[in-house]
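Peer 1: Attaching a single structure in structure tokens format; questions to follow.
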Amino acid sequence: NKSFESTKLEIAKQIIGSNCVVADQVKQIMQLLDFESSKLDFAKFAYGHTYDKGNYFKVNDAFDFESSVSDLSSYIGGH
């Protein structure tokens, strides 16, 4: 229920930082963020805390722009 995007992103990272999640949960959290840059930042951060990395393609549906999907794919390819 926080109004500032940076606060939402910070809280989401705090939650993920101490827990393991599945790709569907990452997608749900991303849908609570308003800005594409925040969604991408969170998706990159959450990847390292995701249990089912093979399903990470599901988070692509939370993006508004294809360039974000490409950016995330490049990031994952480097890990």
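The values are calculated or read from the model by the stated rules, or taken from the named source; none is laboratory data. Please read these numbers as outputs of a predicted model, since none were measured by experiment. All Cβ positions, glycine included, derive from the backbone under ideal geometry; neighbour counts span all protein chains shown. Quick note on the areas: whole protein, heavy atoms, side chains included, nothing else; ligands and nucleic acids left out. Shrake-Rupley method; radii C 1.70, N 1.55, O 1.52, S 1.80 Å.
Peer 1: Could you name the lysines whose alpha carbon sits less than 18 Å from that of K8, not counting residues in the same chain fewer than 8 places away?
Peer 2: The qualifying lysines are K27, K39, K44.
Peer 1: Averaging sequence separations of C-alpha pairs under 8 Å and six or more residues apart, then dividing by the length of the chain, give the relative contact order as a whole percent.
Peer 2: Rounded, it is 34 percent for the chain.
Peer 1: Quick check: from the Cα gyration tensor, does the chain come out rounded (a/c under 1.5), prolate or oblate? Present the calculation step by step, with values, prior to reporting the outcome.
Peer 2: Working: a/c = 1.74, a/b = 1.19, b/c = 1.46.
Verdict is oblate for the chain.
Peer 1: Using 0.36 nm per residue of separation minus the Cα-Cα distance, give me the extension gain between S37 and Y51 in nm, one decimal.
Peer 2: Values: separation 14, 0.36 × 14 = 5.04 nm, distance 2.33 nm.
So the chain would gain 2.7 nm between S37 and Y51.
Peer 1: Here's another thing I want to ask about it. Which residues does the label zone of S74 cover in the range 9-43, counting backbone N under 20 Å from a point 7 Å along Cα→Cβ?
Peer 2: Backbone N within reach: 36-43.
Peer 1: Also: Taking only protein heavy atoms and a 1.4 Å probe, what accessible area per residue, in Å², does the chain have with all protein chains in place?
Peer 2: Details: 4860 Å² over 79 residues.
On a per-residue basis, 62 Å².
Peer 1: Nothing charged except the Cβ atoms of Lys and Arg (+1) and of Asp and Glu (-1): what's the magnitude of the dipole of the chain about its Cα centre? Round to the nearest 20 debye.
Peer 2: Its charge dipole is roughly 280 debye.
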